[in-house]
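Here the structure is laid out as structure tokens; the discussion comes afterwards.
Where a number appears in this text, it was derived from the coordinates with a stated rule and is not lab data. Everything numeric in this text was worked out from a predicted model, so none of it was measured.
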Amino acid sequence: MCSAGNERRDSQRHAAGVTLLELLVVITILSLISGLVLPRIGPWLDNWRLRSAAERILQTVRYARTRALFEQHFYVVEILPEKNLVRVLQPNSAFVRESALPEGIRVHTDEKEGASGAPEVIRFILPPSGEVEEKHLWLRNEQGQTIKIHLDFLVGSPGVETAGQGS
């Protein structure tokens, strides 16, 4: 009777393990799947970064306009393309709020980026009245994908539009 109990333990021990061959087959299948999927994720991730940068700029402008309206002070939104930085300033105050844009995103004020490149600083002045003139910004990633930011508070909320492939 003791030998019957020992055989049962031995069979359970063998059934619980994974063979090296099974492990290699699973690793090979996962490698093939990742090899097919990863190249398709790259462009999607670049476009997501571009759209995220545009949304971050829009949120910053909305935030500064809201503060200008409620606090009845002027606010300035500065975009520094060389440093990939967006900041909100309150003149005559120490208030500064900064946020970084993703690397590889270029900001410019013309649909076709000029020979001189992006300006040193792009400024939006937000008065206490909330009246902001209509403006456009273009963001371009390293792959040439372009997004247009349309700032127009008179007609409605500012928005982001996909402008397509750049040159």
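Based on the Cα atoms of the stretch 35-127, what semi-axes does the equivalent ellipsoid have, where each is the square root of 5 times one gyration tensor eigenvalue, given in whole Å with the largest first?
Each semi-axis is √(5λ); the values are 30, 16, 10 Å.
At 0.36 nm per residue, minus the direct Cα-Cα distance, what do Val37 and Lys148 gain on full extension? Give it in nm, one decimal, please.
Once the chain is fully extended between Val37 and Lys148, it gains 37.0 nm.
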